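Heads up, the thing below is written out as structure tokens.
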Amino acid sequence: VQLQASGGGLVQAGGSLRLSCAASGYDFIMYVMAWFRQAPGKEREFVAAISNSGRYTFYGDSVKGRFTISRDNAKNTVYLQMNNLKPEDTAVYYCAADRDLAMTITRALYDYWGQGTQLTVSS
């Protein structure tokens, strides 16, 4: 199983960026996918989740209205479109997969994790 996150970088406040996470080694369409993030000195925080079909999404309060999660089941890839970025969005972003079809914000319930990609937002 492999989750390969990419797309991070340095962006100015107010800018946009899209993260990607390419999955392999498991039945992608059977899993809820999510993004978490971890800033230095802080716990890993839930960002967004998407149902296995892509029909349903759920967001953390701090990103609601600015970030959009989506998935392409034909490409085994999940995306995170981030708009109106703020310095407090600076973190390492991780994608994760959960075999349970009920979306959850609880990181311990996710089965697989990617290696993370760094986002830095300058003010």
Quick one: what pairs do we get from the range 111-122, first residue among the polar types (S, T, N, Q), second open to solvent by 80 Å² or more (accessible area, probe 1.4 Å), C-beta under 7 Å, 6+ apart or different chains? Thr120/Leu10; Ser122/Leu10; Ser122/Gln12
The range 67-102 - residue that is surrounded by 20 or more Cβ atoms within 10 Å (Cβ to Cβ) and charged (D, E, K, R) and, of those, nearest to Ala23 (Cα to Cα): Arg71
Mind checking which pairs have a first residue in the range 31-60 that is within 14 Å of Met82 (Cβ to Cβ) and open to solvent by less than 60 Å² (accessible area, probe 1.4 Å) and a second that is at pLDDT below 95 and in a loop (DSSP other than H, G, I, E, B), Cβ under 8 Å, 6 or more apart or different chains? Gly60/Ile105
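Among Gln115, Gln81, which is assigned to a loop (DSSP other than H, G, I, E, B) and of a type in the set (S, T, N, Q)? Even if it seems obvious, please write down each step before you answer.
Numbers: Gln81 fails: assigned to a loop (DSSP other than H, G, I, E, B).
From the options Gln115, Gln81, the qualifying one is Gln115.
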Looking at Gly9 and the list (1) under 18 Å from Ala102 (Cα atoms); (2) open to solvent by less than 50 Å² (accessible area, probe 1.4 Å); (3) within 15 Å of the chain's Cα centre (by Cα), which single condition is not satisfied? (1)
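The values are calculated or read from the model by the stated rules, or taken from the named source; none is laboratory data. Note that the structure is predicted; figures quoted are calculated from it, not measured. Don't worry about glycine lacking a Cβ; one is built from the backbone with ideal geometry, like all the others, and counts go over all protein chains shown. Quick note on the areas: whole protein, heavy atoms, side chains included, nothing else; ligands and nucleic acids left out. Shrake-Rupley method; radii C 1.70, N 1.55, O 1.52, S 1.80 Å.
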